[in-house]
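Step one of this worksheet: look at the structure below.
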Amino acid sequence: MAGVHRLTLSSLQPEIKNSLIIGIIISKQEVKIFQAKNTSFSTGERGVWNFTLRDSVIDFANVTVWGSKEYIEGLYANFRIGQVVELVNPKISLRQGNDRGEMFVPSVSSQFNITLNQGTSDMHIHNSPDRAKYVSLLTLPTKNLNQIQPLDAVMKNIEQMKNEHVDIMVVLMSMTPMRQLTTKDGRDTVCRDIDVNDGSIEASVNLRIWGIDWVERAEFWQTRHTVLLLADVLITFNTFKKKMALTIGRKTLITENPNVSQAQIVRAAIRHLPEQPLISGTSETNPSSVTNLMTVRQICEKVEHNESNVEQVLFTALIHVVINQMNFEHKSVVSTKCALCKKWVQPDKESCLNPNCPCGNGTRTPENVSHFNFKLNVSDHTGHLVGCRLIGVAAEDFLKCTVQDFKGMSLKERDELKWHCLLEKCSIVLQVVGPTASWPSPVYNVLSVKRLEENMRPGENASTSGLYS
């Protein structure tokens, strides 16, 4: 491009004009939307997005993008971790040591900040032949390996490390399905829990991953094989479990299967550890064979009694409860997966984003399958269960409609269906997957739901069946 100077991160200088920087995205944060001040320059909703760019073994830098809500959300959706990109006419400025913003972005080698502003800067995919040299950077560490701490040392001192960051190199031991959540400020997001170990402890450690990019990349990770170099993992207090836990924070950088000899060492160190069961949303149990009637309190006591054990408790139970809440209004109640590769399809996309799938890479017309994915809150006279998972055929049987029927309903029809389900006295067959020292919380999988009158034996009533007794 005429008049444009191609620069590397090592050759940056403040206030350089008409520059072009090429690198690979190694990390990205979620978008932040805010209300702009009502000035002559900007009104309405604005957005900001941060990602980390690398262009060599040594050099990587943080990039901040500013623009309208629509512009920022579009960039966030279209540019993914692992893509090689071109930054056109960015603003270059020196990092300031007293800048509080440094607390919320990854630690990088570059002494400069890079800023893109809508209207004066641009961003494109880089598809030139030299792309391969940037892709190889994904497997290189971002921290000095001498800073890595063994998990036994971290867990031994974790109570005194709240809000601190640590560097660890671990092997993936097991992984939960993706979860769709709504944050306190109303944002939709996704997360996934993984168990990791480095061979220094017996019980694996739970780690929560946030953000669609890493959650989807985790689909390609292999248990007991994938090595993760995690720089600046955050130690935080888990209010639900009432204990300290590890999580991916804004400063965290993840390197998958790092190209270093230590990766082979840590992979070998976990070989003696036993296999761990995966949390599953399905069960081969025939619901009609489950006859052990339990109260909510009895289920909670059984789960809590096992909570400190390494082995994961798994049992089924029949409960008689009232459905208090059901997330009908949430867009995640219908989940869609690619029929070929089984990867999740985002609500605003027509296909998966798997580059190795014909549907995901555009060489074949998308083929998707959808299923229900409801969360129920239920209660009896002894207590409450929150977030019971009602999915697939079990949901269709209870609602007496298919996913296609549901998609074709008006908002009024869906509201009527919701109130037909709420406050119903139901007989529910539940599969309970309890936590261990590493799993963060129990999972309640609903295998079948029947209105109590449908499941009542002759001469029995709600009181004698345990709902109000």
Quiz item: So, in region 296-335, of the ones that are at pLDDT below 90 and among the polar types (S, T, N, Q), which residue ends up surrounded by the fewest Cβ atoms within 10 Å (Cβ to Cβ)?
Solution: Ser308
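Of everything in region 123-133, what is in a strand (DSSP E or B) and surrounded by 14 or more Cβ atoms within 10 Å (Cβ to Cβ)? Give them in sequence order. Talk me through it step by step, then tell me what you get.
Taking region 123-133 first, the residues in a strand (DSSP E or B) are 123-125.
Matches in region 123-133: Met123 only.
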Quiz item: When region 183-199 is examined, which residues are found to be at pLDDT 85 or above and outside any strand (DSSP E or B)?
Solution: Asp198, Gly199
Quiz item: Looking at this structure, is Leu293 assigned by TED's automatic domain parsing to the domain that holds Val190, at pLDDT 85 or above and touching a strand residue (DSSP E or B) at 6+ places or on another chain (Cβ under 7 Å)?
Solution: no
Practice problem: Sort out which residues of region 24-49 are under 14 Å from Gln118 (Cα atoms), modelled with pLDDT of 90 or more and either outside any strand (DSSP E or B) or of a type outside the set (Val, Ile, Thr) (or both), and write them in order of number. | Solution: Arg46, Gly47, Trp49
Quiz item: Of (1) surrounded by 13 or more Cβ atoms within 10 Å (Cβ to Cβ); (2) under 24 Å from the mean Cα position of the chain (by Cα), Lys342 satisfies all except one. Which?
Solution: (1)
Quiz item: In region 14-32, which residue that is among the basic types (Lys, Arg) and farther than 22 Å from Val57 by Cβ is surrounded by the fewest Cβ atoms within 10 Å (Cβ to Cβ)?
Solution: Lys17
Quiz item: In region 50-83, which residue that is crowded, with 20+ Cβ neighbours inside 10 Å and among the small types (Gly, Ala, Ser) is modelled with the highest pLDDT?
Solution: Ala61
Quiz item: Do we have any residue at all in region 382-392 that's closer than 24 Å to Thr291 by Cβ, assigned by TED's automatic domain parsing to the domain that holds Lys343 and part of a loop (DSSP other than H, G, I, E, B)?
Solution: yes
Quiz prompt | Test: residue in region 100-111 that is assigned by TED's automatic domain parsing to the domain that holds Lys28, touching a residue at least 40 places away in the same chain (Cβ under 8 Å) and not in a loop (DSSP other than H, G, I, E, B) | solution = yes
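The values are calculated or read from the model by the stated rules, or taken from the named source; none is laboratory data. For clarity, every value in this text was computed on a predicted model and none was experimentally measured. We place every Cβ from the backbone using ideal geometry, glycine too, and count neighbours over all the protein chains shown.
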